[in-house]
Amino acid sequence: MNSEIQNIKNILKGTFGKKAWHGPTIKEVLEGITSEQATNSIGNSHTIIELLAHMTAWRIFVVKKLEGDQDYKVTEDLNFPVVSDLQKTIAGLEESQVRLLDALAQFPESQLHEIVPHSSYNYSFYTLLHGIVHHDLYHLGQIALLKKS
């Protein structure tokens with residue numbers, strides 16, 4: 001039987017990589033996206049490239065919290081940064097996956113249900129980790145729609 005940490009790692013890998021039960025994964029949706037598509041928006045929505053940078057920023061937030069950085073915050077500049085290089089932005093997202101899995105591998109399972117220190121809201125590391133999966137998939141849906149527009 002897997003540990004809860006391993007189960008969460010498997011979910012993160014499954015939603016990022018290939019052949020998820022729910023439909024296209026992050027990597028599958030990003031396949032074939034052009035620079036032109038990456039800068040399209042619908043109305044006043046964010047663009048694909050902005051959403052990718054935003055996802056990366058919040059994944060790094062989770063990494064920092066897992067590593068014990070109590071003071072790390074996602075500033076307005078980091079939340080939706082101005083980016084223009086699609087390949088660099090995708091590479092940053094992929095790097096965030098590696099960092100997130102590495103940080104999770106080092107995180108003590110005994111702390112999963114502890115409260116994340118110095119957060120604006122009262123939530124556990126367990127909730128934070130499941131939350132980043134939900135956050136990714138929420139924005140992945142937006143990206144999939146923008147890709148089709």
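The angle between the Cα long axis of helix 4-16 and the longest principal axis of the Cα atoms of the chain comes to about 0 degrees, rounded to the nearest 10.
Rg/Rh for the stretch 40-149 (Cα atoms only, Rh after Kirkwood) is 0.99. For the stretch 90-95, putting each phi into the Karplus relation 6.51 cos²θ - 1.76 cosθ + 1.60 with θ = phi - 60° gives couplings of 5, 4, x, 5, 5, 5 Hz, in residue order, rounded to whole numbers and with x for Gly and Pro. Only lysine pairs 8 or more places apart or on separate chains count here, and in the chain those with Cα atoms under 13 Å apart total 5.
Using the Cα centre of the chain as the reference point, and only Cβ charges (+1 on K/R, -1 on D/E), how large is the resulting charge dipole? Debye, rounded to the nearest 20.
Details: 13 positive and 17 negative charges, 88 e Å.
It works out to roughly 420 debye.
Give me Rg over Rh for the stretch 22-65, both radii from the alpha carbons and Rh done the Kirkwood way, two decimal places. Show your work: numbers first, answer last.
On the way: Rg = 12.3 Å, Rh = 11.8 Å.
Result for the stretch 22-65 is an Rg/Rh of 1.04.
Per-residue ellipticity at 222 nm from helix content only, as computed over the chain with -39500 (n - 2.57) for each DSSP H run of at least four residues, stands at -19000 deg cm²/dmol. Restricting attention to the stretch 52-98, which trypsin sites (Lys or Arg not before Pro) occupy a DSSP loop and are surrounded by at most 14 other Cβ atoms within 10 Å? Those satisfying the criteria are Lys73. In the stretch 99-140, the alpha-carbon atoms span a convex hull of 85 Å³ per residue. With θ taken as phi - 60° and the Karplus curve 6.51 cos²θ - 1.76 cosθ + 1.60 applied, the whole-hertz 3J(HN,Hα) list for the stretch 30-43 is 6, 4, x, 5, 8, 4, 5, 4, 5, 10, 6, 9, 10, x Hz, x standing for glycine and proline.
Taken together, the values in this text are just the output of simple stated rules run on the coordinates, not laboratory data. Model, not experiment: these values are computed from the prediction. We place every Cβ from the backbone using ideal geometry, glycine too, and count neighbours over all the protein chains shown.
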